[in-house]
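Notes follow once the structure below has been shown.
The values are calculated or read from the model by the stated rules, or taken from the named source; none is laboratory data. It should be emphasised that the depicted structure is a prediction, and the values quoted were computed from it without experimental measurement. Ideal geometry is used to build each Cβ from the backbone, glycine not excepted, and the neighbour counts take in all protein chains shown. Remember, those area values only see protein heavy atoms, side chains included, never the ligands or the DNA or RNA. Shrake-Rupley method; radii C 1.70, N 1.55, O 1.52, S 1.80 Å.
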Amino acid sequence: MGWSLPESGTLTLGSPLGTALREAAANAPESDDLARWKSVFNCCTDMLTILAPELVEQTALRYAEAGADIIVSNTFLANPLTLASFGAAEYASRLNSEAVGIARRIADTAAKGIVAGSIGPPCIGSRLCGADDKGMAANAILTQATSLLDAGADLLLLETQTDSTVAAAGIEACLEAMRTTGKRVPVSVEFTIGQSGSLPSGETVSHAFRKAAGSGADTVGINCVFPATRAAATLFAAAESMDLPLSMRPSASSGDLRTEPATDPDMFAEAFVPLLRSGRLRLAGGCCGAGTGHLSLLKRIISRENS
């Protein structure tokens with residue numbers, strides 16, 4: 001048995017790595033490796049683990065210093081199906097292994113020693129996998145989850161899921177990876193929604209939550225939804241009829257931070273209060289546009305509500 005979710009309290013996750021890494025790479029001095037990252041790998045953020053590992057480590061460290069309990073690996077895109085669209089499928093195993101290694105160094109020295117292996121929704125070219133692609137998606141996630149577990153991930157985080165059938169296949173792939181590796185870790189599943197309030201697949205969030213729970217998820221939640229108040233209201237309503245622990249990592253911006261400032265950290269953090277008071281929120285953090293200031297204030301709000 002590996003690490004287990006606590007029965008009470010809320011842990012914070014250091015993220016969003018993808019957004020923060022794109023900003024870090026844009027501000028970094030030009031180098032041959034960064035030029036290759038742009039020209040050969042089309043700015044695939046996961047490839048920075050190999051081409052600019054110092055950027056990944058520095059970014060993760062900033063989130064740890066801001067109060068992250070759990071360090072998230074830079075592996076959102078690191079399944080062979082998605083990586084193929086960047087011409088990088090052959091790097092899948094190495095990316096997962098080295099990204100967990102970086103996260104482990106930060107987690108063991110500056111956080112609580114917990115690493116979450118990030119698994120994003122698989123893509124075929126520029127198209128997200130749908131229900132008809134669940135077999136290919138499951139195979140891609142099985143490959144990735146196995147690599148993450150072999151590298152020592154303590155939690156498998158299926159994030160920004162857009163289709164309940166693909167998510168369920170991903171959960172089953174994670175459980176198969178655990179059987180193969182002999183390691184048991186929690187599986188957290190987070191869905192995103194469109195302006196209609198439904199998943200991009202058209203399904204309701206409550207339906208997606210029930211399907212994930214029936215497939216073996218240990219927590220269900222919402223991420224990549226703006227603003228945080230909308231994410232909280234959606235999560236509360238969808239989880240009302242179930243008793244699984246919850247996770248929430250909303251976005252702090254709905255667009256490009258260069259043209260649209262992020263939500264004020266106070267407004268962002270206060271949106272978590274009703275969920276914290278419910279006693280069901282186990283994992284919390286931010287997604288697109290949420291910086292270290294948002295995480296730091298969220299950490300203080302959690303401490304306030306738990307005192």
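Where the Cα atoms of the chain are projected onto their three principal axes, how long is each span, largest first, in whole Å?
Each principal axis gives a Cα extent; for the chain these are 49, 39, 39 Å.
Have a look at the DSSP beta bridges in the chain and tell me what percent are antiparallel, nearest 5.
5 percent
Using Cα pairs under 8 angstrom and six or more residues apart, how large is the relative contact order of region 157-204, in percent?
50 percent
Under the rule that an exposed site lies in a DSSP loop and has at most 11 other Cβ atoms within 10 Å, name the longest stretch of the chain with no GluC sites (Glu not before Pro) of that kind, not counting the sites themselves.
In the chain, the maximal stretch lacking such sites is 31-239.
Write down the accessible area per residue of region 186-307 in Å², having rolled a 1.4 Å probe over the full set of protein chains.
On a per-residue basis, region 186-307 sits at 41 Å².
Taking a probe of 1.4 angstrom, what is the accessible area of THR82 in Å², to the nearest 10?
The accessible area of THR82 comes to roughly 0 Å².
Name the trypsin sites (Lys or Arg not before Pro) in region 110-213 that are in a loop by DSSP and that have at most 14 other C-beta atoms within 10 Å, would you?
Those satisfying the criteria are ARG184.
Which value results when the Cα radius of gyration for region 1-92 is divided by 2.2 N^0.38 Å?
Rounded to two decimals, the normalised Rg is 1.22.
Quick check: with the 1.4 Å probe, what order do HIS207, HIS294 take by accessible area, largest first?
Descending accessible area places them as HIS207, HIS294.
Taking a quarter of the surface of the convex hull around the Cα atoms of region 38-118, what do you get in nm²?
Answer in nm², one decimal: 4.7.
Cα atoms only, region 61-214: Rg and Dmax in Å?
Taking only Cα atoms of region 61-214, I get Rg and Dmax of 15.1, 43 Å.
Compute the normalised compactness of region 104-174: alpha-carbon radius of gyration over 2.2 N^0.38 Å, N being the residue count.
My calculation over the Cα atoms of region 104-174 gives 1.20.
Please give the Cα centre distance for region 1-68 versus region 139-171, rounded to the nearest Å.
18 Å
Only Cα pairs within less than 10 Å get springs; with that Gaussian network setup on the chain, which residue of PRO245, PRO200, PRO80 has the largest fluctuation?
PRO200
Return a whole-number percent for the relative contact order of the chain, with Cα pairs under 8 Å and 6 or more residues apart as the contact set.
Here the relative contact order equals 18 percent.
May I ask for the Kirkwood hydrodynamic radius of region 148-307, worked out over all distinct Cα pairs and given in angstroms to one decimal?
Hydrodynamic radius (Kirkwood, Cα only) of region 148-307 equals 16.1 Å.
Give the aspartates and glutamates reachable from LYS211 as a straight Cα distance under 13 Å; neighbours fewer than 8 places away on the same chain don't count.
Straight-line reach from LYS211, under 13 Å: ASP163, GLU172, GLU190, GLU203.
Which residue fluctuates most in the GNM of the chain (Cα springs below 10 Å): ALA92, ALA145, ALA238?
ALA238
Compute the relative contact order of region 46-201 as a whole-number percentage, counting only Cα pairs closer than 8 Å that sit 6 or more residues apart in sequence.
Relative contact order of region 46-201: 21 percent.
Quick check of the Kirkwood formula: for region 87-129, what is the inverse mean of 1/r over all pairs of different Cα atoms, in Å?
Computed over region 87-129, the radius equals 12.1 Å.
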